[in-house]
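Report on the following structure.
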Amino acid sequence: MSLQDTFAFLNTDEFGVTCQIGAGADFVGILDSPMDVIAGGMALSREYLLTAKTSDVSALARGSSITIASNAYTVRENRPIDDGLFSELLLTKD
């Protein structure tokens, strides 16, 4: 499998959404927002997680701003996953 095939699902025709860091160039990521049960089942919490190519998000650190599908988010954590081609960003919606 080629590197191009690895990133094939990162397009807006499939799962991807348009993202932008500041006034920089647009890139595509996959936004997931699962609901977690917390406090012993007494409350729900929404998490925001963006998966993107590491090369597109490597400059983002805690407190950085990012726009995803026209919505503003703040980065809580940026961590590479698996072999480092992709990164997961834990986000807070502004």
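Just so it is clear, none of the values below were taken in a lab; they were calculated from the coordinates. Computed from a predicted model, the values in this text were never measured in an experiment. Every residue, glycine among them, receives a Cβ derived from its backbone with ideal geometry; neighbour counts consider all protein chains shown.
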task: Give, as a single signed number, the net charge of other residues whose beta carbon lies under 13 Å from the beta carbon of D36, with Lys and Arg counted +1 and Asp and Glu -1.
output: -1
- line: Sequence order, the stretch 75-83: Karplus ³J(HN,Hα) from phi using 6.51 cos²θ - 1.76 cosθ + 1.60, θ = phi - 60°, Hz rounded, Gly and Pro as x, gives 6, 9, 7, 10, 9, x, 10, 6, 8
- prompt: Any idea what the relative contact order of the stretch 3-93 is, in percent, if you count C-alpha pairs under 8 Å spaced at least 6 apart?
  reply: 23 percent
task: Please find the FRET efficiency linking A61 to D83, where r is the Cβ-Cβ separation and R0 is fixed at 25 Å, and quote it to the nearest 0.05.
output: 0.70
query: How far is it, in nm, from the label point at T92 to the one at I38 when both lie 7 Å from their Cα along the line to the Cβ?
result: 1.1 nm
statement: Neighbours of G63 by Cβ distance under 14 Å: Lys/Arg at +1, Asp/Glu at -1, summed charge 0
